[in-house]
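First up is the structure itself, then whatever we jot down about it.
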């Protein structure tokens, strides 16, 4: 894949984005942790809340990252941003009026995969940013597309089957785009997006439920 910007320009965008939205990164991580915690409770409205949080995350990454910042160096960011906002609206709609995703406490492999992906997005990913030599505000933080997509796949592994498969389309598209860019740009932490995308394919074709 031909990249229309340099590695330096790519990370400069994160510097601008992170300084512009600070301290929203902390709010996003707090919302993510709260949504995971609530998914494991018996609160009747937990699935609505989780869908709304996922909707907010995807609308945020589409508007605040792609449209407001990434589009400055990549014209395709407008397409990516539009897809992210559509995904966010879909999650929000499912939490409000549509056939909602139902989140539960899965046992066995499903719960294990969910926690691996969630922990990677919220904990391992920022650690790898630092190990790679990038300052916190100079690297992809939670709310940027890649960690957001990884976290989304993790939460979807907590969803009770049968799960509407169309909610996986945009995250899978981004796992392919972001994963290929990870190789081209040398962003090693984004290789986790490739693994998350493969897990999404398992959700799409294997774990459909009855």
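Just so you know, all these numbers are worked out from the coordinates, no wet-lab data involved. Here the structure is a predicted model, which is why all the values come from computation and not from measurement. Positions of Cβ are backbone-derived with ideal geometry, glycine not excepted, and every protein chain shown enters the neighbour counts.
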Worksheet, complete the sentence: The alpha-carbon center of region 108-181 and that of region 22-69 are separated, in whole Å, by 13 Å
Fill in: Computed over region 7-205, Kirkwood Rh from alpha-carbon pairs, angstrom
16.6 Å
Discussion item. Between 0 and 90 degrees, rounded to the nearest ten: what's the tilt of helix 169-185 against the longest Cα principal axis of the chain?
Written reply: 30 degrees
Worksheet item: In nanometres, what is the gap between the two model label sites at residue 112 and residue 7, each 7 Å from Cα along Cα-to-Cβ?
Response: 3.5 nm
Practice prompt. Sort largest first and round to whole Å: the equivalent ellipsoid semi-axes of region 87-207, each the square root of five times a Cα gyration tensor eigenvalue.
Written response: 26, 15, 14
Worksheet, complete the sentence: Once residue 22 and residue 72 are pulled to full extension, the length gained, defined as 0.36 nm per residue separation minus their Cα-Cα distance, is 16.1 nm
Discussion item. Full-extension gain between residue 123 and residue 104, please, as 0.36 nm times their residue separation minus the C-alpha to C-alpha distance.
Written reply: 4.6 nm
Worksheet, complete the sentence: Expressed in nanometres to one decimal, the distance between label points 7 Å along Cα→Cβ at residue 198 and residue 15 is 3.5 nm
Discussion item. Just to confirm the number: angle between the C-alpha axis of helix 145-156 and the first principal axis of the chain, 0 to 90 degrees, nearest 10?
Written reply: 10 degrees
Worksheet item: Expressed as a rounded percentage, what relative contact order does region 7-205 have, with Cα pairs under 8 Å and six or more residues apart?
Response: 23 percent
Item to complete: Calculate how steeply helix 7-21 sits against the longest principal axis of the alpha-carbon atoms of the chain, using the helix alpha-carbon long axis, and give the answer as 0 to 90 degrees to the nearest 10.
Response: 60 degrees
Worksheet item: Mind ordering 51-58, 147-154, 70-77 by average Cβ neighbours within 10 Å, highest first?
Response: 147-154, 51-58, 70-77
